[in-house]
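All remarks here apply to the structure that follows.
The values are calculated or read from the model by the stated rules, or taken from the named source; none is laboratory data. In this text the structure is predicted, and so the values were computed from the model without any measurement. For neighbour counting, all protein chains shown are included, and Cβ atoms are generated from backbone atoms with ideal geometry for every residue, glycine included. The protein model used for the area step is the full one, side chains on, heavy atoms only, and it has no ligands, DNA or RNA in it. Shrake-Rupley method; radii C 1.70, N 1.55, O 1.52, S 1.80 Å.
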Amino acid sequence: MPSLLSFRRVVGPLTVAFALAASHAQAQDLLNQLETQTTDSLRREYVTATFKGTRVINGHSIETPGKGSMLFLISHRFGTLNSGAYEFFGLDQATIRLGLEYGLTDRLAVGIGRSSLEKTYDGFVKYKAVRQSSGPRPMPVSITLLATTSVSTLKFQPQPERSTTSRFTYSYQVLLARKFSSNLSVQLMPTLIHRNYVDLRRDENNVYAIGAAGRQKLTKRLALTAEYYYVLPGSTADDYRNSLALGFDIETGGHVFQLHFTNSQGMIEKFFVPQTTGNFFDGDIYFGFNISRAFQLRH
């Protein structure tokens, strides 16, 4: 009997000790989980890939190439679909722009390009000033600032040659976008175009417009895109029209392939905002594509 009592005296405290140790371990795990959840809730999370490319269709998206990334962009427009069978419904005609974009930082990019239309050279600076985020002090939208300049080198005949200064056009945009879900993104684009030279007296040197664009993901690699620019009345002649474009984004690993239909032949702001002449609903539709390829030059 004494041996049984001795055994109980030894085992009892050990049992209590093990129970306390297990309880302490569970409490510590719970505290660690709470600490992790608290840390996660205090961390700001930035939204990425609002759009898959630096262009929606004709115009810029809020996206910039990553730091040290060089983007080679080919933009192409055939002729209008209503040009008839003789022109192979526009496929016999072509307008092209070649461009390079480089990310100086993850938020600041520069770019240059050359369009066959009016043999135009263009350049831009693009800065992502605000990024959509969740967590502490959440930001509901992303804001990117864009400034571009372009110069036409076309020889105007039989008109007298224009001065170099008169050939320049400048554009300024504030790009505001929100990614509502993994499938839907929307963007607004208040725009100012300044033309040093206008052909008609009724045209204004300053053109004000507001653009709207959207991207709806359909499958893992396919998305529907749309873009529209409304030019404020009085800025251009009555025979110019608002730019409208519909398209598809196709993700193919190393690049994004964009197919689209638009009533704008030009592929820079100088052309598609104030100088669109086609009527989309009368068949003045240019079929075209954008294809981009990124190269990482430095980390």
* Would you mind checking Lys179/Lys270; Lys52/Lys270; Lys67/Lys270; Lys179/Lys220 for any pair whose Cα atoms are more than 21 angstrom apart? => Lys179/Lys270; Lys52/Lys270; Lys67/Lys270
* Order by protection proxy (mean Cβ within 10 Å, highest first), peptides 137-147, 78-88, 60-70 -> 60-70, 137-147, 78-88
* Accessible area of segment 111-185 belonging to carbon and sulfur atoms, whole % at 1.4 Å probe -> 63
* Structure fact -> Simple SL model, points at 7 angstrom along Cα→Cβ for Asp282 and Leu222; separation in nm is 3.3
* Whole-number accessible area per residue in Å² for segment 46-296, which is evaluated in the context of all protein chains at 1.4 Å -> 48
* Please give every one of the aspartates and glutamates within straight-line cross-link reach of Lys155, meaning a C-alpha to C-alpha distance under 20 Å, and leave out same-chain neighbours fewer than 8 residues apart. => Glu118, Asp122, Asp199
